[in-house]
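The values are calculated or read from the model by the stated rules, or taken from the named source; none is laboratory data. This is a predicted model, so every value here is computed, not measured. Here the Cβ positions follow ideal geometry from the backbone for every residue, glycine too, while neighbour counts run over all protein chains shown.
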């Protein structure tokens, strides 16, 4: 009888292990991502009340598999206070508050690295804004390079010059670090397709697509004519609006990425008085991945 039970246990363990291996090596699946500038400058420099609002943001991020945040400067512990993601980037701060870029993930990510912009202007030079790189492991067959970005803000001549150089620096780094890889770029680009001084199209020219352009505009870019899109209330943007927070993606010959959903879930990030938890809105995309080889 003991031998029968032992044999049954071995079969059960083998079955479970086999199922796990099959799941780990699945050739397709879905995952959700969100990028969110959480306005975490120290109060009163931030007008978004981050001491009160960051814990509220924290709990609402749990529904997303992968989260890139920007301006995570002074209230990082509060950001983690109600967060249950399995994997988190290591918070780095110094006399200039750090770069404010962090990632929360339900998937393992490897080789997390930070890069500071070579160019900045004005108050943007007070913190080492830039971008981060990491390699996300969806399963044993699916890896995607992830970038979190926060470009120079503002719209005067020197701001625009610095931001154009930010975009070119990012593109050059991706060409070096992620050549031939599937990639997702998320963050606060501070760029608009309509603004004549911005060069955000440089990313598209490297084989990337914008989930907003694909899902909401049928692949049609706005005109770069200096006329901002005005087909929505700017205080409560809808998915058909252009915002500076963007999600780009690129497939390769091994991993195909397809956006299934795109939204700006701002109404889910309001306080009890229906006030925004940040001066930005989160931007969301649901992706399908397919392993081709």
Any residue that is over 30 Å from residue 141 (Cβ atoms), modelled with pLDDT of 95 or more and crowded, with 19+ Cβ neighbours inside 10 Å - is there at least one of those in the stretch 203-217? no
Note on the stretch 114-134: residues in contact with a strand residue (DSSP E or B) (Cβ under 6 Å, 6 or more places away or on another chain) and closer than 25 Å to residue 277 by Cα are 128, 129, 130, 131, 132
Screening 46, 74, 12 for residues that are closer than 18 Å to residue 245 by Cβ and at pLDDT below 95 leaves only 46
Only one of 259, 282 is under 19 Å from residue 33 (Cα atoms), crowded, with 18+ Cβ neighbours inside 10 Å, modelled with pLDDT of 95 or more and out of contact with any helix residue (DSSP H, G or I) (no Cβ under 6 Å at 6 or more places or on another chain), namely 282
Within the stretch 134-160, residues closer than 30 Å to residue 196 by Cβ and either in a loop (DSSP other than H, G, I, E, B) or touching a helix residue (DSSP H, G or I) at 6+ places or on another chain (Cβ under 8 Å) (or both) come out as 147, 149, 151, 152, 153, 154, 155, 156, 158, 159
Counting only residues that are in contact with a strand residue (DSSP E or B) (Cβ under 7 Å, 6 or more places away or on another chain) and farther than 25 Å from residue 123 by Cβ, the stretch 163-202 contains a total of 7
Filter the stretch 56-65 for residues that are buried (at least 20 other Cβ atoms within 10 Å of the Cβ) and without any contact (Cβ under 8 Å) to a residue 60 or more places away in the chain; the one that is nearest to the chain's Cα centre (by Cα) is 61
Exactly one of 68, 53, 111, 37 is modelled with pLDDT of 95 or more, touching a strand residue (DSSP E or B) at 6+ places or on another chain (Cβ under 9 Å) and surrounded by fewer than 17 Cβ atoms within 10 Å (Cβ to Cβ), and that residue is 111
- Query: Looking at this structure, is residue 180 in contact (Cβ under 8 Å) with a residue 60 or more places away in the chain and in a loop (DSSP other than H, G, I, E, B)?
  - Reply: yes
Of the residues in the stretch 95-108, those that are surrounded by fewer than 16 Cβ atoms within 10 Å (Cβ to Cβ) and within 14 Å of residue 71 (Cα to Cα) come to 96
Hey, residue 170 under 15 Å from residue 70 (Cβ atoms), touching a helix residue (DSSP H, G or I) at 6+ places or on another chain (Cβ under 8 Å), in a helix (DSSP H, G or I) and free of Cβ contacts under 8 Å to residues at least 40 places away in the same chain or not
yes
